[in-house]
Amino acid sequence: LFGDALPIHPAPNGTTGRERAGPSRTAGGLALDTLYALDRTLGLPTALAREVMPRLDEMDDLVERAAETFVVNPDVLVLVNQRNRSLRLRLRDVFTGESESRSQAVRMSTARIARAAQRQFELYSTFDPRDLKRALEGKLRRKCDDNGIEYEPADLRRAIDMIALMRPHVLDDAIKAALAEKVDVRQDEPIPEVYRGPAGLESARKGAYGVFPHGMNKPERAFAELLDGDDTGTVKWWLRNPANASWAVQLVLPNGRHHFPDFVVGVAGRPTPEGIALLEIKDDGMTGRLHARVNSEKIRTEHRTYKSVLWVYPDEREGRWYRAEYHSRGTIQAGPPFEMTSLKWTAN
C-alpha cells in the first residue's frame, strides 16, 4: 500500500509499525509520519458491518410503508379533531407576590403550524417532503374513514403537522421502520492494517493499533483509557471509529444521513457478532448539544447487526461515568452509572 519507502520499526506495544521517510501529512500541526500496525492477536474481525442506504430503485414504496406505520400511532387520530390546545399559564400578582396556574384553550394558527412543520419535514433528505406529506395524508384519510372519524381536509394536514412538531419521534419511528426493511448491511471493506499518526503516541494494551489515536477530545480520551484499563475480562479490544471512513461502522438515520459511533469494542459475553458493542461519548450531559434533535434521532437508532449504541458521559464532579438514555417525552436524560457489564447489554 505504501511501497518500499517505509522502513519497519517497532510500535509502542511491541507490534510492527512503519515510519515514513521524507515529507509527511500533518493534522493540527502534528506530522502524521508513523504507521502503527493493526494487532490481530486481540481478536478483531477482518471487517466491520456498516449500514448503507438502498438503491433508488429499491425505495419506490418507502414513503408508502412509512405512512402506513405512521397512521397506526393513536396520537395521530387524537389530533385530527383537535383545533385548540390547552396551555397552562402561570400568573403572578405584582403586588402580593402570589401566583396561580390557569388552563386556557388557545386556537393555534394553522398557517404558523404548517410553516414550522415544513422545516421538520425538510430534515428528511431520504425523499421529497411533498411526497411524504401526500402519502401521510392519504393514509390518514383512509384510516379516519375506516374508523368513522369525521374530518375536514385541513384537519388531516394540521394533525400531521402537529405530530411533526410536538412528537417528531412518531414520524422518525415510522421512517425508521420502513428503512429497516430496505437498508443494506455490508461487511466488505477490511479494517486497515495500519493506522497513520504522529510519532510517539502513548501505548494502549487493548487498542486495535497498540496506541491511543490522536485527535480524540477529552471525554473520548478519558473513556478510551477506561476501556484500556479494564481488568474484569469484559473488554477484549477497542477501536476508534473514524467518521466518514469507508470501512467504519455507520448507522442509517431516519433522515437518511449516517451516524458513526465513537468507538467499536470487542466485548466478552455480548450476544452480537464478534461480541461487538458500539459506544457514543458525550460531554458532561448538561450542554444543549447533547439535547439537539439530531442526537435524539441517533440515540434511538439501532444497528441491524450490533444492536443498540451505548451513550455515556462523564460527571467530573463525581469522577464517574453515566449512561445517557432517551425518554419517551423526547428528551435525553441521565441514566444509571456506567459499568463494564453495561457493554454486554443489547438494548438501552
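The values are calculated or read from the model by the stated rules, or taken from the named source; none is laboratory data. Nothing here was measured: the structure is a model prediction, and the numbers come from that model. Neighbour counts are summed over all protein chains in view; Cβ atoms, including those assigned to glycine, are modelled from backbone coordinates with ideal geometry. Surface accessibility is based on the protein's heavy atoms, side chains included, excluding ligands, DNA and RNA. Shrake-Rupley method; radii C 1.70, N 1.55, O 1.52, S 1.80 Å.
At a 1.4 Å probe, what is the % contribution of carbon and sulfur to the accessible area of the range 107-154?
Ligands and nucleic acids excluded, carbon and sulfur give 45 percent.
Before I look further, what does the range 131-187 give for accessible area per residue, probe 1.4 Å, in whole square angstrom?
Details: 2630 Å² over 57 residues.
It amounts to 46 Å² per residue over the range 131-187.
Would you mind checking which residues have amide H under 5 Å from residue 237's amide H? H placed 1.01 Å from N; only 5 or more apart, or other chain.
266
In a shell of Cβ-Cβ distance under 11 Å around residue 187, excluding residue 187 itself, what net charge do Lys and Arg (+1) and Asp and Glu (-1) give?
Working: positive: 50, 186; negative: 51, 184, 188, 189, 274.
Local net charge: -3.
For residue 143, give me every one of the aspartates and glutamates with a C-alpha distance below 20 angstrom, ignoring sequence neighbours fewer than eight places off in its own chain.
61, 64, 68, 75, 131, 152, 155, 161, 172, 173
If packing is taken as the average number of other Cβ atoms within 10 Å across a peptide's residues, how do 189-202, 109-122 rank, most packed first? Write down the numbers at each step before the final one.
On the way: 189-202: 16.8, 109-122: 13.9.
My ranking of the peptides, most packed first, is 189-202, 109-122.
How would you order 160-166, 333-339, 298-304 from highest to lowest mean count of nearby Cβ atoms within 10 Å? Display every interim value, and only then the final one.
Values: 160-166: 21.7, 333-339: 14.3, 298-304: 18.4.
Put in order of decreasing packing, that is 160-166, 298-304, 333-339.
Given axes a ≥ b ≥ c from the Cα gyration tensor, I'd like to know whether the range 171-272 is rounded (a/c under 1.5), prolate (a/b larger than b/c) or oblate.
It is prolate, given that a/c is not under 1.5 and a/b is the larger ratio.
For a 18 Å ceiling on Cα separation, which of these pairs sit above it: 218/282; 133/176; 139/182; 176/307; 307/344; 182/344? Intermediate values should be presented prior to the final figure.
Details: 218/282 10 Å; 133/176 16 Å; 139/182 21 Å; 176/307 14 Å; 307/344 11 Å; 182/344 28 Å.
Pairs exceeding the cut-off: 139/182; 182/344.
Name the long-range amide H neighbours of residue 211: under 5 Å, sequence gap of 5 or more, or other chain; modelled H, no Pro or chain starts.
Those lying under 5 Å, H to H, from residue 211 are 204.
Could you give the nm distance between label points at residue 225 and residue 64, where each point is 7 Å from its Cα heading toward the beta carbon?
Roughly 5.7 nm, to one decimal.
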